[in-house]
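The values are calculated or read from the model by the stated rules, or taken from the named source; none is laboratory data. The structure presented is a predicted model; accordingly, all values stated were derived computationally and were not measured. For neighbour counting, all protein chains shown are included, and Cβ atoms are generated from backbone atoms with ideal geometry for every residue, glycine included. Remember, those area values only see protein heavy atoms, side chains included, never the ligands or the DNA or RNA. Shrake-Rupley method; radii C 1.70, N 1.55, O 1.52, S 1.80 Å.
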Amino acid sequence: MGSCLKKYISKHFFVRTAIVILLALVISGYFFVKVFFSENKAKIEYLSSSYLNKKISIGSIQYVLPAFIVIKDIRIGEFAEQAEAIPLSIKKITLVFSLEKLFAEKELVISRIGLSEPEFDLVRYPLFLKESIAGFIKLINFLTQGNPLKIELENAAFIAGHRGNKRTTIIANSKIGIGPDDRFSSRGIISVQQAGWNFPVKGHKIFAAFQPGTFRYSVYAAVIPEGVVIEDIAVEKDNLQAKFQGRLENNVLRVTGNVYSDDTPVKTQEWLAQKNKLIRQLYALFKYGKLPQKIGQRDAGVNCTDIDCVLEFASRAVNLKKATFNLNGIPVLVNGDFNFQQGMQLKAVVTTFPEQPFFGAGTDPRKLGLDIFLNGKEGKSTGDITLDFFKMMGKNLSKQKLRADFNNAAFGISPDMRIKLLFDEAVVFYEFDKNEHVFKLRNWELLCNFLDEKLKFVKFNAGIFDGLLKGYIVVDASEPGWKTKQNLTVKDVNASELDALLLSLFGMYRTLPGKFQEKISGKFTCDVNYTGFRSSILNGNLEISQGVLENMQFFLWISGFFNIPSLASVSFDSLSADFLVTDRIARLDNVCLSGKDISLKGQLDVRDNELISGRLALRLSRQILKESSKFQLLLGLISHDIKEFDFNFQFSGLYQSINFQWLESEFKHKVQKMLPGFIEQGLERKVESAIKEISGPLVEK
């Protein structure tokens with residue numbers, strides 16, 4: 001028994017001794033590695049910097065059992081930059097190495113890299129990653145020795161815009177696989193973080209927090225000697241699905257694919273949110289029973305199909321050789337280039353129905369052409385934008401054009417995170433049917449936010465001619481068709497510019513003369529509202545104060561008909577009207593003119609067949625009627641206490657040949673009421689003769 005006890009104690013003594021020795025080796029090895037990393041931190045920084053050709057600083061390096069190396073507070077920047085200029089920072093890098101490779105082959109081979117909270121400023125350092133990508137690949141190859149590698153991004157932040165202490169950040173949580181056999185894959189979630197913003201509209205303040213939701217993505221690709229073959233890129237959101245394929249070779253990227261979007265998934269998510277957990281699970285079971293889901297064209301929403309895009313990259317330029325796609329049945333072609341060697345220069349051309357001539361037999365009314373040229377330096381840009389498009393005028397196709405030339409434009413983000421566009425001056429040319437009108441704008445300020453899922457806002461103000469212009473545009477994208485509401489206010493503009501303002505507004509709906517023969521002076525104010533959803537409605541009101549009407553058709557006619565020369569030029573204190581323009585009619589209503597010896601009320605319509613019709617009620621003072629010999633007899637018969645006379649008219653016809661008609665019987669009825677209750681038959685006959693004299697032949701001017 002004593003012998004057995006000795007053997008038992010001896011056996012366990014050696015086991016315990018072996019364990020203690022092993023632990024001592026592990027602990028001493030742990031501290032050795034820790035001291036090694038601590039003492040060689042500067043050397044590791046130097047070697048890493050040589051691979052990237054960038055300045056790398058490290059806060060600390062730690063070894064964590066059993067096979068982890070943790071690097072904290074990494075900063076990567078340019079050698080020439082100041083210490084505070086850090087394009088890329090990483091809170092923590094976790095390197096996982098292979099113990100098998102370490103003991104068997106005595107090589108430190110990294111099998112997984114975890115990047116925790118990396119942050120990169122895309123706006124301030126747009127070329128940093130492009131210039132560093134070759135160095136990163138070289139460093140990864142050194143660490144992996146050609147073995148497969150997995151990379152995990154945790155809360156990676158890519159700053160896409162900032163203003164003051166607020167910024168727009170793209171957040172990525174992704175898993176990336178490299179290898180084997182030059183394979184590459186990635187999947188994850190991308191979201192955008194941006195502060196909320198306030199947008200005042202007509203005295204009401206609307207609050208909209210930008211919550212663009214989350215994008216899920218997956219990428220499968222293969223590395224080739226001269227680039228990358230993109231086998232599949234899939235992007236999915238609540239109401240968005242997209243798939244792409246492509247190839248990057250010799251600095252040329254070609255991408256093909258399709259994008260589909262509608263509102264059905266959003267509404268389904270809202271419905272599901274109100275249901276219990278069982279309903280949600282059943283819905284998920286039946287909806288996602290077959291994976292992957294097949295994406296296809298939606299009946300509503302935005303369908304962008306047959307995408308084919310070719311990009312060529314240079315050191316400081318990107319050339320869009322072509323981008324073709326079909327947008328909801330409309331073929332589109334885009335090409336251009338972006339150059340930032342000295343400042344920034346952008347050229348782009350967008351064309352729909354590119355195979356069709358711009359104006360010829362069979363031209364689709366939806367054809368348009370957009371040319372953009374921007375030249376920017378030191379935060380300011382000059383350039384021009386031209387839009388050619390068509391408008392159906394009844395059965396005819398009207399070619400129209402908008403062109404804007406601007407100077408000293410600045411682009412940025414406002415403190416409440418809205419896109420902001422400013423420029424000192426711009427000249428806008430609007431042309432339809434070869435008639436051109438010019439708007440001169442100054443001190444333009446535009447604020448917009450297009451990133452909210454449902455509501456898109458634009459607010460603007462500027463000086464126009466010698467007055468002011470302000471307005472807003474609200475687009476509700478929550479339903480197919482996109483409801484649009486716009487408001488435009490013009491204040492204190494010289495009315496002589498009405499040609500450009502009114503003809504431009506009305507010319508978008510129907511054919512009107514390229515130039516009014518009438519001349520109008522005075523201070524012009526106008527408030528316009530536009531609503532577009534399945535059909536278009538333009539309405540509002542206008543007012544002109546302290547002005548003069550010259551050569552107005554009606555007053556020219558009445559001047560000759562009544563033989564009153566002074567009516568060819570009418571001074572007034574105020575002129576106002578309400579207007580309505582739809583696809584079928586243009587209407588001026590509640591027309592009201594007020595002057596010293598004259599006033600006018602009425603309304604007129606312009607139908608879709610270009611026929612103009614309406615009624616007018618004119619009031620003239622006795623003083624102005626004395627100018628005409630036609631009224632001498634009548635004025636002598638009517639009491640001098642009657643100071644004003646009312647005349648009613650109706651008119652119809654095309655703009656260049658309107659027929660005016662005096663409603664003589666209505667005037668006669670009014671005059672009879674002015675006479676004494678009991679009149680002699682002879683006096684009544686004299687009144688009838690006086691009225692017939694007034695309605696005599698037109699006096700030619």
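Of note:
- Looking only at the stretch 315-352, and only at residues there that are open to solvent by less than 50 Å² (accessible area, probe 1.4 Å) and out of contact with any strand residue (DSSP E or B) (no Cβ under 6 Å at 6 or more places or on another chain), the one that is farthest from residue 252 (Cα to Cα): 329
- Condition met for residue 368 (over 23 Å from residue 255 (Cβ atoms) and among the aliphatic types (A, V, I, L, M)): yes
- Here residue 437 passes the criteria (1) open to solvent by less than 30 Å² (accessible area, probe 1.4 Å); (2) more than 30 Å from residue 363 (Cβ to Cβ); (3) at pLDDT below 80 except the one numbered (2).
- Residue satisfying condition, being modelled with pLDDT under 85, in contact with an Asp or Glu (Cβ under 6 Å, 6 or more places away or on another chain) and either over 18 Å from residue 387 (Cβ atoms) or surrounded by fewer than 18 Cβ atoms within 10 Å (Cβ to Cβ) (or both), within set 450, 465: 465
- Which numbered condition residue 257 fails, given (1) within 24 Å of the chain's Cα centre (by Cα); (2) modelled with pLDDT under 90: (2)
- So residue 576, is it out of contact with any Lys or Arg (no Cβ under 7 Å at 6 or more places or on another chain), farther than 24 Å from residue 674 by Cβ, polar (S, T, N, Q) and open to solvent by 50 Å² or more (accessible area, probe 1.4 Å): no
- For the stretch 618-636, a tally of residues being polar (S, T, N, Q) and farther than 27 Å from residue 575 by Cα returns 2.
- When residue 642 is tested against (1) surrounded by 14 or more Cβ atoms within 10 Å (Cβ to Cβ); (2) in contact with a helix residue (DSSP H, G or I) (Cβ under 7 Å, 6 or more places away or on another chain), just one condition goes unmet, and that condition is (1).
- Looking only at the stretch 611-623, residues that are out of contact with any Lys or Arg (no Cβ under 7 Å at 6 or more places or on another chain) and open to solvent by 20 Å² or more (accessible area, probe 1.4 Å) come to 6 in all.
- Scanning the stretch 505-527 for residues that are open to solvent by less than 10 Å² (accessible area, probe 1.4 Å) and either at pLDDT 85 or above or within 23 Å of the chain's Cα centre (by Cα) (or both) yields 524, 526.
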